[in-house]
Amino acid sequence: MFPPYVSSKTGTVDVDIGDARDKSTASSLNLWRRPTPISWPSANFPTTTPPKHESEAILTDPIITLDNLHLTLTSRAGPVNILRGVSLAVTGGSTAAIVGPSGSGKTSLLMVMAGLERATSGRIVVRGRDLQGLGEDALAVFRGAEMGIVFQAFHLVPTMTALENVALPLELAGAAGAFETARSLLDEVGLAARVDHFPAELSGGEQQRVALARALSRRPRLILADEPTGNLDGKTGKQIVDLLFGLRARMDATLILVTHDERLAAMTDRVIRMADGRIASDEARGQPSATVRAVSQ
Ligand SMILES: Nc1ncnc2c1ncn2[C@@H]1O[C@H](COP(=O)(O)OP(=O)(O)O)[C@@H](O)[C@H]1O
Ligand SMILES: [Mg+2]
């Protein structure tokens with residue numbers, strides 16, 4: 001395979017990912033780092049004490065808590081208030097859909113949850129960890145261990161085969177048997193016969209299956225998916241959804257899903273509607289596991 005190169009000087013991992021400035025490809029592999037470190041004023045952003053024992057982290061409920069999040073980015077026209085006070089708690093093991101018009105801040109919210117975008121203010125705690133308290137490297141390690149991210153546009157490494165794409169996060173984590181695990185995951189998503197194909201040799205649906213296998217390769221507790229069927233036709237999208245929900249249930253992971261598709265949203269325990277950077281409504285469905293709390297400020 002095309003090896004990930006580890007620099008002996010910095011210990012950083014350098015992988016040929018095609019366009020290295022493609023934030024989503026790199027971030028889906030946890031390779032992306034901001035060029036300049038951002039310092040956070042500790043008075044405004046208290047760091048949560050890390051759990052003393054792993055078991056405490058496992059029992060942390062909810063799995064993710066957002067507290068009065070604001071995200072303001074600067075465009076040429078001036079500052080844009082993208083998230084305007086989002087507070088939310090999602091129970092571990094549940095599924096939630098984030099829906100809303102284009103431009104309402106859904107992707108931005110998911111990126112902030114993943115720690116790929118730093119909130120301007122507010123607090124994000126995932127499994128007991130305050131993400132703002134983590135530096136970029138620690139955040140990348142945490143994200144790799146705890147989260148699986150699926151994007152609309154797949155973001156596979158074009159120079160790697162399906163097998164290599166799925167094995168990569170495992171190899172970077174130093175997991176034993178990376179290729180065996182990757183092979184069985186690809187088998188599970190119905191791609192046993194395509195393991196040696198490069199992304200360009202796969203259909204959109206097949207690429208998303210590879211991306212799904214890669215996102216779940218380290219059995220993340222939290223799966224974040226941004227319009228995972230957005231680039232697929234209805235039938236192919238349905239197959240991806242069935243796989244995503246099936247694998248999630250088997251791994252007992254939490255799923256937070258951004259979608260335009262009301263039918264897909266209706267498959268989740270909870271539907272959170274965004275409008276103009278805020279939560280406009282938040283509706284939990286019958287199941288007790290979806291007991292939730294949300295406050296839009
Ligand atoms: N880097 C950026 N700089 C300035 N504005 C941005 C940037 N990225 C997104 N936006 C704006 O933020 C708003 C929310 O975007 P996004 O989170 O992608 O919405 P959605 O996923 O709901 O369509 C949009 O108005 C978009 O134009
Ligand atoms: Mg979006």
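Values quoted throughout were computed directly from the atomic coordinates according to the rules given, and no laboratory measurement underlies them. What you see is a predicted model; the values in this text were computed from it and never measured. As a convention, Cβ positions derive from the backbone with ideal geometry for all residues, glycine included, and neighbour counts pool all protein chains shown.
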Name the pairs whose Cβ atoms lie under 7 Å apart, with the first residue in segment 181-194 and under 15 Å from residue 244 (Cβ atoms), the second among the polar types (S, T, N, Q) and in a loop (DSSP other than H, G, I, E, B), and 6 or more positions between them or separate chains?
185/217
State all residues of segment 147-165 that are surrounded by fewer than 21 Cβ atoms within 10 Å (Cβ to Cβ) and either within 16 Å of ligand 1 (Cβ to nearest atom) or more than 25 Å from residue 199 (Cβ to Cβ) (or both); if no residue qualifies, say none.
152, 153
Any chance residue 250 is within 16 Å of the chain's Cα centre (by Cα), away from ligand 2 (no atom under 16 Å from the Cβ) and of a type in the set (D, E, K, R):
no
Give the residues of segment 183-202 that are in a loop (DSSP other than H, G, I, E, B) and surrounded by fewer than 20 Cβ atoms within 10 Å (Cβ to Cβ), sorted by residue number.
190, 195, 196, 197, 198, 202
May I ask you to list the residues in segment 173-182 that are assigned to a helix (DSSP H, G or I) and either acidic (Asp, Glu) or closer than 18 Å to residue 148 by Cβ (or both)?
178, 180, 181, 182
Quick check on residue 79: is it in a strand (DSSP E or B) and not charged (D, E, K, R)?
yes
